[in-house]
1. I'm told LEU180 meets every condition in (1) within 23 Å of SER27 (Cα to Cα); (2) open to solvent by 30 Å² or more (accessible area, probe 1.4 Å); (3) at pLDDT below 90 except one. Can you identify the failing condition by its number?
2. Would you check which residues across segment 36-93 are open to solvent by 60 Å² or more (accessible area, probe 1.4 Å), assigned to a strand (DSSP E or B) and within 19 Å of ASN152 (Cα to Cα) and list them?
3. Pick from segment 22-35 the residues that are of a type in the set (S, T, N, Q) and in contact (Cβ under 8 Å) with a residue 12 or more places away in the chain: which of them is most open to solvent (accessible area, probe 1.4 Å)?
4. Yes or no: segment 2-11 includes at least one residue that is at pLDDT 90 or above, open to solvent by 20 Å² or more (accessible area, probe 1.4 Å) and not small (Gly, Ala, Ser).
Amino acid sequence: MKHLALVATVALGWATLTAPANAALFSWDIEYTNWWEDDEGGSIFGTIIADENDVADGIVSADELKDWQWNWSGNEVVSAFSISSKAGGTTDFDPSFYVNDTPNLPIGLDFVDPDNLDQGSFVSGSGNEILDLQALLAISFTDGVESVSEGNPTATLGTVSVSEPTAVPEPATVLGLLALAGVSTATLKRQKQDA
């Protein structure tokens, strides 16, 4: 009976790993650094996830975002915080990002570069934290007090770095990997007991 269960588990693992997926999801890490030096530093690091079919044009737009998360490192003006779509976060101003080596450039509050993509803003589920990536603003509301760290869009060392795409495992693939990992662990335990 145990052998049957083992065979069934292995079959489930391999079946889920080899089953064809409808569309692959990919993630990109994006980092905004060296814009907030006037406030003693600070950076934003995030991850966006989109379907490969939606980014054939080299752009991930608001309606193509499947998932996202942003982390503000904090500085002397605004303390560190994280916001994400999974925690009820929302987007404003239809954010879009180049993911094809075209530079994503913030424009600051003067909006002088209408030809670049607007990377929009992201709001936490509570509404108490906001990251405006286009205007380089980190905003936090604590006890009714607003704190704002404003980046300098003309900072010569300011960069927006976008990583190469990384495949996001489908839930079925994760299930298959877990099933195979369970089999491997059980086999190792059995071998140790038999030794």
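The values are calculated or read from the model by the stated rules, or taken from the named source; none is laboratory data. This one's a predicted model, so the numbers in the text were calculated from it and none came from an experiment. FYI the Cβ positions are ideal-geometry reconstructions off the backbone, even for glycines, and counts take in every protein chain you see. Accessible surface is based on the protein model in full, side chains and every heavy atom, while ligands, DNA and RNA are left aside. Shrake-Rupley method; radii C 1.70, N 1.55, O 1.52, S 1.80 Å.
1. (1)
2. Across segment 36-93, the qualifying residue is only PHE45.
3. Residues of segment 22-35 that are of a type in the set (S, T, N, Q), as a first pass: 22, 27, 33-34.
When the remaining residues are screened for being in contact (Cβ under 8 Å) with a residue 12 or more places away in the chain, the result is 27, 33-34.
On the way: SER27: 21, THR33: 31, ASN34: 64 Å².
My answer is ASN34.
4. No, because not a single residue in segment 2-11 is at pLDDT 90 or above, open to solvent by 20 Å² or more (accessible area, probe 1.4 Å) and not small (Gly, Ala, Ser).
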